[in-house]
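In what follows, a single structure is set out as structure tokens and then discussed.
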Amino acid sequence: MALRLHDKKALVAEVNEIAQKAHSAVAAEYRGLTAGQLDDLRAKSRDNGIYLHVVKNTLAKRAVEGTEFECLTSALTGPLILGFSLEDPGAVGRVIKDFAKANDKLVVKAIAVGGSLYGAADIDRLASLP
């Protein structure tokens, strides 16, 4: 079911508010994951202080405007799930990396830290942050 305009505006505002206070972000393609696998990922994320949400790319681009995660805009293509670390900068990297080891359908596409965009290969660096 499609989102109505006021629902879209609310979602953009929510993600923007999270992005304003987040330490790091990861965009990962989730194509092929089951609903149960996504539920497991969401539970692990909640336990580690991570905001995780599937957001349409157009809405995600609007949501990160004016934040240090605006650098993600060019990487927002395809079916993506966005994760933002709210407490520990490396938390989102660790959770996504660990989950991707057991679920090869979750593929990291982009990482953003401190206003800089990094590739998927840098997930190990993000995961190792204290």
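The values are calculated or read from the model by the stated rules, or taken from the named source; none is laboratory data. What you see is a predicted model, and the numbers here were worked out from it, not measured in a lab. Heads up, the Cβs are rebuilt from the backbone with ideal geometry, glycines too, and the neighbour counts pull from every protein chain shown. The accessibility values were calculated without ligands, DNA or RNA, using every heavy atom of the protein model including side chains. Shrake-Rupley method; radii C 1.70, N 1.55, O 1.52, S 1.80 Å.
Here are some notes:
- Total formal charge among the other residues, if their Cβ is under 13 angstrom from that of A121, Lys/Arg +1 and Asp/Glu -1: +1
- Answer label, with mean projected area of the Cα convex hull in nm² calculated from the coordinates and candidates [x] 8.4; [y] 9.8; [z] 7.4: [z]
- Carbon plus sulfur fraction of accessible area for segment 10-100, probe 1.4 Å, in percent: 47 percent
- Rounded if a/c under 1.5, otherwise prolate or oblate - segment 34-82, Cα gyration tensor axes: oblate
- Restricting segment 37-112 to trypsin sites (Lys or Arg not before Pro) in coil, as DSSP defines it, with at most 13 other Cβ within 10 Å: K105
- Residue of A60, A27, A13 that the Gaussian network model of the chain assigns the largest fluctuation, springs spanning Cα pairs under 10 Å: A13
- Neighbours of K8 by Cβ distance under 13 Å: Lys/Arg scored +1, Asp/Glu scored -1, total +3.
- Computed over protein heavy atoms with a 1.4 Å probe, the accessible surface of the chain works out to 53 Å² per residue.
- Per-residue ellipticity at 222 nm, computed for the chain from helices alone with -39500 (n - 2.57) per DSSP H run of at least four residues, works out to -13000 deg cm²/dmol.
- Comparing G115, G49, G32 in a Gaussian network model of the chain, where Cα atoms under 10 Å apart are tied by springs, the biggest mean-square fluctuation is seen for G32.
- Taking N as the residue count of segment 70-121, its C-alpha radius of gyration divided by 2.2 N^0.38 Å amounts to 1.12.
- Loop-located chymotrypsin sites (Phe, Trp or Tyr not before Pro) in segment 18-102, at most 11 other Cβ atoms within 10 Å (DSSP): none
- Charge dipole of the chain (Cα centre as origin; +1 on each Lys and Arg Cβ, -1 on each Asp and Glu Cβ, all else neutral): 360 debye, rounded to the nearest 20.
- Highest mobility in the GNM of the chain, judged by mean-square fluctuation with C-alpha springs under 10 Å and restricted to S85, S116, S24, is found for S116.
- Counted charge near L59, where neighbours are those whose Cβ lies closer than 15 Å (Asp, Glu -1; Lys, Arg +1): +1
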